[in-house]
Amino acid sequence: MHTLKFKLSIIALLIVISLIAWLLMPINANQHDISEDQFLESADPIRGENLLSVAGCFACHTDPESGVEEFSGGPALDSPFGIFYASNITPDKETGTGSWTLSDFERAVRQGISPQNYMYYPSMPYTAYSGLTDQDIVDMWVALQRIEPISRESKQHILPFPFNQRILLKPWRLLYFPTFQKPVEDRGEYLVKHVLHCSECHTPRNLLGAQKLSKFLQGNKDLPDENFAPDISKDSLHNSNWSRDDMELLLSIGMLTDGDFVGGSMTEVVDYGTSQLSADDLSAISQYLMK
């Protein structure tokens, strides 16, 4: 009996040691490097500037109420896991992204891994951005280089234990973060799922903060600051007698079917994001959501 207990103890110890070793091992990025020679020649900074707005980069990384410069750090994002702050992404070499390469940017945006090889918290929607095309990544990157560098240290997240332990993101990523995925071909689906990352707000989450994909776009009552995101699934929109024109009007100017206007965090989404979409993209989104 004592021999059996000893053997089981050794096995348990080896399992614990192996788990700790795995947690402490550097995170491996997906091997999908973007060829700078291939894409930088065709890069479109004007299109990239539009993407920085539409994809939410401006809204998250800018805090207008504090009076700081654009893209130099965002307001507090209060969550059940603590308070998160979006970083300074201006091309300042000391406090921003000025020392980054295109590959660094790709790993950060699509894979949630910093140039220093630590894992970003999924308060940054890299789970959605993982499906962005190479060309969109490159266009955003060259647009970012044209922003005025601002020397401003990024605020540190305020997270209680154990959420302040980044190594715990590793099993979370294993459970919930997909490997690199080929971008979807349908333009409306691509915009909704990846660029606009609508499900980040409009899909409920489990206790670990991951989306309940079985309830995709079915609404979320637990957003920060007592906000909520309504159900925008196809069935709900049809049951509420929404039309494609209604949806395009909402996305372009924020007006609801009753003549009122959106509020809360959706105001920023419209003002800084969806209002910048082209007519073709608005049509593609409404077609995808309403089909």
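So which helices (runs of 4 or more DSSP H) stay within the range 35-137 end to end and still have 3 or more residues that are in contact (Cβ under 8 Å) with a residue 24 or more places away in the chain and under 21 Å from residue 151 (Cβ atoms)?
Values: elements: 36-39, 45-54, 57-61, 102-111, 126-129.
Once the helices (runs of 4 or more DSSP H) in the range 35-137 are filtered for at least 3 residues that are in contact (Cβ under 8 Å) with a residue 24 or more places away in the chain and under 21 Å from residue 151 (Cβ atoms), what remains is 57-61.
Hey, residue 280 hits all of (1) over 26 Å from residue 136 (Cβ atoms); (2) of a type in the set (Asp, Glu); (3) loosely packed, with under 14 Cβ neighbours inside 10 Å but one; which does it fall short on?
Among (1) over 26 Å from residue 136 (Cβ atoms); (2) of a type in the set (Asp, Glu); (3) loosely packed, with under 14 Cβ neighbours inside 10 Å, residue 280 violates only (1).
Of all residues in the range 146-167, how many are free of Cβ contacts under 8 Å to residues at least 60 places away in the same chain and in contact with a Pro (Cβ under 6 Å, 6 or more places away or on another chain)? Give the steps one after another, and end with the answer.
In the first step, residues of the range 146-167 are kept if they are free of Cβ contacts under 8 Å to residues at least 60 places away in the same chain; the result is 149, 151, 161-162, 165-166.
If we keep only those that are in contact with a Pro (Cβ under 6 Å, 6 or more places away or on another chain) too, we end up with 149.
Qualifying residue count, the range 146-167: 1.
Read-outs: derived from the displayed coordinates by stated rules, not from any lab. Since this is a predicted model, take the numbers as computed values, not measurements. Glycine also receives a Cβ, built like all others from the backbone with ideal geometry; neighbour counts cover every protein chain displayed.
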